[in-house]
Every structure is written in C-alpha cells, then in structure tokens.
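A short write-up of the structure that comes next.
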Amino acid sequence: MTFEEMEKSLKALVAQIRHIEDAQIVQGVLERRSEDRIESLAAAAERTNSSVEKLLQVVTAHEERLVGVEDRQAEMQASMKALFETIDRFIRGLGSDGHKGTPEQS
C-alpha cells in the first residue's frame, strides 16, 4: 500500500468518523427531545388524572345532592297533593252561601 493510498484511506476514515459524530450528535438531540416530550406527556397525564379525580369528587357530591333534591321534591309533591285534597274537600263542604250545609239551613 502506497503512502497516497494510505492517505486516501485515512481521509475516507476521517470522513466516516465525522459522519458518525454528526449522526451521534443528531441522535443525542433527538433523544433529548424525546425525553423532554415524554416528561411533558407524563406531567400532562398527571394533571389529567388530578383533574379527573377532582371531577369525580364533584360528580359524586352532585349525585348526593340530587338524591336529596329528589327526596325533597317527592315530599313537596306529597304535601301539595294533600293540600289540594284538603282545599277540594273544603270547597265541596261549603254551600252556595259560603257556609257549610245547604242554603235552606242557614
């Protein structure tokens, strides 16, 4: 092997080494970006989990309140029905002159 061939071979090796170095630099940059994105996604997932937990607590509290409202609504409907029945019985019990009994009895 002549000196020129060795020099040419050495230049080719140096070029390949530089290419490998450049590829490693690019790989390092891409790896760092990937790590940053993974960290960002992990943080976003944690925030999402926290928000979902808070939302679940709010939904549970609203469901409990809704049960109370439904109970009170049923009580209110029963009370209104009883009131209307009482008013109806009262009206039916009065005569045309506003007194109980028939007009002839007054």
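Data table
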| quantity | calculated |
| --- | --- |
| Pairwise label distance in nanometres, Glu46 with Gln77, each label 7 Å out on the Cα-Cβ vector | 4.9 |
| Total formal charge among the other residues, if their Cβ is under 13 angstrom from that of Leu30, Lys/Arg +1 and Asp/Glu -1 | -1 |
| Helix axis angle, 3-93 relative to the chain longest principal axis, alpha carbon, degrees | 0 |
| Correct choice for Cα Rg over 2.2 N^0.38 Å that was computed from the model, options [x] 1.10; [y] 0.99; [z] 3.41 | [z] |
| Val58/Glu31 FRET efficiency (R0 30 Å; Cβ-Cβ; nearest 0.05) | 0.15 |
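Every number here is computed from the coordinates shown, using simple stated rules; none is lab data. Owing to the predicted nature of the structure, the values given are computational and were not obtained by experimental measurement. Note that each Cβ is placed from the backbone with ideal geometry, even for glycine, and that neighbours are counted across all protein chains shown.
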